[in-house]
Amino acid sequence: MQCNEDGELEDASSLTHFIFRSLKAKLVIPSLNICIVSNSIYCCKDKYTPINFKMQTPTNITIKGILGILMSCLDEMNKNRVISLGMGDPTAYSCFTTTDLVQDSVVQTLESHKFNGYSPTIGLPQTRKAISEYLSKDLPYKLTPDDVYITAGCTQAIEVAISILAKPNANILVPKPGFPIYELCAAFRNVEIRHFNLIPEKGWEVDLDEVNALVDQNTVAIVIINPGNPCGNVYTYQHLKKIAETAKKHKILVIADEVYGHLAFGENPFVPMGVFGSMVPILTLGSLSKRWIVPGWRLGWFVTTDPNGIFKMLRTLSA
Ligand SMILES: Cc1ncc(COP(=O)(O)O)c(C=O)c1O
């Protein structure tokens, strides 16, 4: 098996075998017999018969672009179905539409001509109030509008969370599997990402032993995605409590990504991490995107779920 200086395959008698040995493979999907080496995508007809089919990809192609190319390589005759776990847009399925009430409210608001001007950067007071009341329904204490900051979707809430925590040598713990925007935002802010595993046999619970081993004096936060993407986990009250206790022990805060909040269909009801806000300060991130089926509206929130006011202490800001 040989590859040239650019990492491209020259003689492939067993591509899969080559893939596993090649350190240059950036992405390997053995079930599809596809790999990316350097800037080229290789496909195999089956495990042992490479087509030796190669596509040059531009260096600026997005992950979604690569996924599109990979999906177009699928053998339609293969009975093994491939499900994209990256599909997060509910509007892709026509059965999912938002309610008339939500839509009518937006139409009325537009027609009122009252909201065409600039709004405060942190969001309109009435929007912040509505979100604080909505989130407070599930909490043992009341949030105020001052706890809520409006963002462009949950994506911007993630960016804000990471940028305010960025300081020299800081690291953040994120779940694996997880949502890649965390890595992306951290890379822009020079924040180190440390991955802890989710345990499939335990409903994708956080491996807290691993968390304990990863934390050091530069760890500033742990990210919890609940309900989880891509694993679909919905954590129990007890598990969330253990996470809160672990965060408290290490004096780190919790970033609770609850963009899928309330979308829980199994045995476990959705419990917001903010329930443990008295134990450890929580940054709750969310948006209208999933529950209200309107990801294109780009309305999200960044909320300090912190009844003890730890975030407001000068010590915290200057730490
Ligand atoms: C876990 C998670 N966080 C955040 C987001 C981003 O949400 P939004 O579309 O509101 O920016 C997504 C989107 O799929 C997600 O899955």
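Structural remarks
- Over 29 Å between alpha carbons, listed pairs K64/K248; K114/K312; K129/K249; K202/K249: K64/K248; K114/K312; K129/K249
- Long-range HN-HN contacts of T219 with modeled amide H, under 5 Å: N171
- Exposure proxy order (Cβ contacts within 10 Å, fewest to most) of Y182, Y237, Y149: Y237, Y149, Y182
- Once backbone amide H atoms are built at 1.01 Å from N, T151 has G300, W301, F302 as its partners under 5 Å, excluding neighbours fewer than 5 places away on the same chain.
- Exposure proxy order (Cβ contacts within 10 Å, fewest to most) of L263, L70: L263, L70
- Separation of the range 143-200 from the range 237-310 is 13 Å, based on Cα centroids.
- Across the range 170-181, computed HN-Hα scalar couplings (Karplus, 6.51 cos²θ - 1.76 cosθ + 1.60, θ = phi - 60°) run 5, 10, 10, 8, 10, x, 10, x, x, 10, x, 4 Hz from first to last residue, x flagging Gly and Pro.
- Cubic angstrom per residue, convex hull over Cα atoms of the range 160-319: 110
- Ascending count of other beta-carbon atoms within 10 Å, so fewest first, for C231, C154, C95: C95, C231, C154
Read-outs: derived from the displayed coordinates by stated rules, not from any lab. Keep in mind it's a predicted model, so treat the numbers as computed, not measured. Glycine gets a Cβ as well: all are built from the backbone with ideal geometry, and neighbour counts include every protein chain shown.
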